[in-house]
Amino acid sequence: RARAALENGADVVLELPARFACAPAPDFAGGGVALLAALGVVTHLSFGCEPSALPLLSAAASLFKSESPDFSAALQRGLADGLPYPRARALAAEPLAGIPADLLAQPNAALALEYLQALPDGISAVPILREGCGYHDSSPSTLASATGVRAALTMGDVQTACAAVPFPEELLSAERRGEFHPEDALTQALFYRLRTMDAASLREIVGMDEGLEYRFLRAAQTAASREELIAAIKSKRYTHARLSRLCAHILLGVSRDFAAEHRTPTYARVLGFRKDAAPLLRAIKA
């Protein structure tokens, strides 16, 4: 992926550590922004969004930062009703800031909000218009989502996947080398972890709140796949995305203590760079 990015115009590719790459939107965005800000050369952050929504998102970000009593009360009511946090937050903001809840609940908007809240002075936001399929849309298209590309690869339809990416040769080469792995490739490792852990040790996993450890332990006794496990636990309050992240945390052993000790990335690992970007690396080092 790093090589493909460099061959399609990127100058430098950096790793976002798994602690942040597998985290909820606030930590994902905060980790990425902190990493870029620490380089000392970044002036703009670009992300996928609807540009016309940026003024509304900026207003929402300000509202979330200030956390007025009315907003906090509305948010707590939504959480008490069993809503996931992003939905409860969007509904709380709608009457107070006049921002449609459906807009704030979109995956792009939710992440954009976190970027805007995390951006320090000196780094400006540059939204890029999202075109083509939506975030969760798995239908084939020349402007398919990542979900759609993965779905095509899972079904063995490499040609459809190739039509949707700017580096089809890389994709074909990876397919020939057998580098595509099914989504259930780590299922047995996940179940091994779950079936050899007790509630106390599972409770130490970051994000394992509100007694979720007992739900995981019960479901792991009967589920035959990762998706079956998630389906058995999923509810209005516990979304598929949250439970999927927890599966990754269980596999990697990401504990609360580890997450607390690593609030931001502590290093910048270069995965690749173009030769003509060497002056940029020297500027970062300086």
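The values are calculated or read from the model by the stated rules, or taken from the named source; none is laboratory data. Since the structure is predicted, the reported quantities are computational estimates derived from the model, not experimental observations. So basically every Cβ, Gly included, is an ideal-geometry build from the backbone, and we count neighbours across all protein chains shown. Just so you know, the surface numbers come from the protein's heavy atoms only, side chains and all, with ligands and any DNA or RNA stripped out. Shrake-Rupley method; radii C 1.70, N 1.55, O 1.52, S 1.80 Å.
Overview of results
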| read-out | value |
| --- | --- |
| Residue among E183, E228 that alone is open to solvent by 70 Å² or more (accessible area, probe 1.4 Å), under 25 Å from P86 (Cα atoms) and outside any strand (DSSP E or B) | E228 |
| Filtered residues of region 64-82 (kept if outside any helix (DSSP H, G or I) and more than 25 Å from E210 (Cα to Cα)) | S68 |
| Filter pass, V33 being out of contact with any strand residue (DSSP E or B) (no Cβ under 6 Å at 6 or more places or on another chain), touching a residue at least 24 places away in the same chain (Cβ under 8 Å) and β-branched (V, I, T) | yes |
| Output for region 46-81, where each listed residue is touching a residue at least 40 places away in the same chain (Cβ under 8 Å) and open to solvent by less than 20 Å² (accessible area, probe 1.4 Å) | F47, C49, A53, L57, A60, A61, F64 |
| Qualifying residue in region 165-174 (condition: surrounded by fewer than 16 Cβ atoms within 10 Å (Cβ to Cβ) and closer than 24 Å to A248 by Cα) | no |
| Extreme residue, nearest to A118 (Cα to Cα), among residues of region 247-269 that are touching a strand residue (DSSP E or B) at 6+ places or on another chain (Cβ under 7 Å) and open to solvent by less than 70 Å² (accessible area, probe 1.4 Å) | A268 |
| Selection status of A60, among the hydrophobic types (A, V, I, L, M, F, W, C), farther than 23 Å from A37 by Cβ and over 17 Å from the mean Cα position of the chain (by Cα) | no |
| Residue match in region 243-253 (condition: more than 30 Å from D81 (Cβ to Cβ) and not in a loop (DSSP other than H, G, I, E, B)) | yes |
| Residue selected from region 228-243 under the condition modelled with pLDDT of 90 or more, over 16 Å from the mean Cα position of the chain (by Cα) and among the charged types (D, E, K, R), by the criterion farthest from Q76 (Cα to Cα) | E228 |
| Any hit, region 189-196, residues being in contact (Cβ under 8 Å) with a residue 24 or more places away in the chain, surrounded by 11 or more Cβ atoms within 10 Å (Cβ to Cβ) and more than 25 Å from H262 (Cβ to Cβ) | yes |
| Number of the condition not met by E50 [criteria: (1) of a type in the set (D, E, K, R); (2) at pLDDT 95 or above; (3) under 20 Å from Q117 (Cα atoms)] | (2) |
| Residue count for region 83-128, restricted to those that are over 28 Å from T264 (Cα atoms) and in a helix (DSSP H, G or I) | 9 |
| Which listed residue is open to solvent by less than 30 Å² (accessible area, probe 1.4 Å) and not hydroxyl-bearing (S, T, Y), from A125, A144 | A144 |
| Selection status of T222, closer than 30 Å to E7 by Cβ, outside any helix (DSSP H, G or I) and without any contact (Cβ under 8 Å) to a residue 40 or more places away in the chain | no |
| Qualifying residues in region 231-246 (those that are in contact with a Gly (Cβ under 8 Å, 6 or more places away or on another chain) and crowded, with 17+ Cβ neighbours inside 10 Å) - the one nearest to L36 (Cα to Cα) | R245 |
| Hits in region 14-38 (condition: of a type in the set (A, V, I, L, M) and open to solvent by 20 Å² or more (accessible area, probe 1.4 Å)) | L14, L16, A18, A21, A25, A34, L36, A37, A38 |
| Inter-residue pairs, beta-carbon under 7 Å, first in a loop (DSSP other than H, G, I, E, B) and in region 129-144, second surrounded by fewer than 14 Cβ atoms within 10 Å (Cβ to Cβ) and hydrophobic (A, V, I, L, M, F, W, C), 6+ apart | E131/L143; G132/L143; C133/L143 |
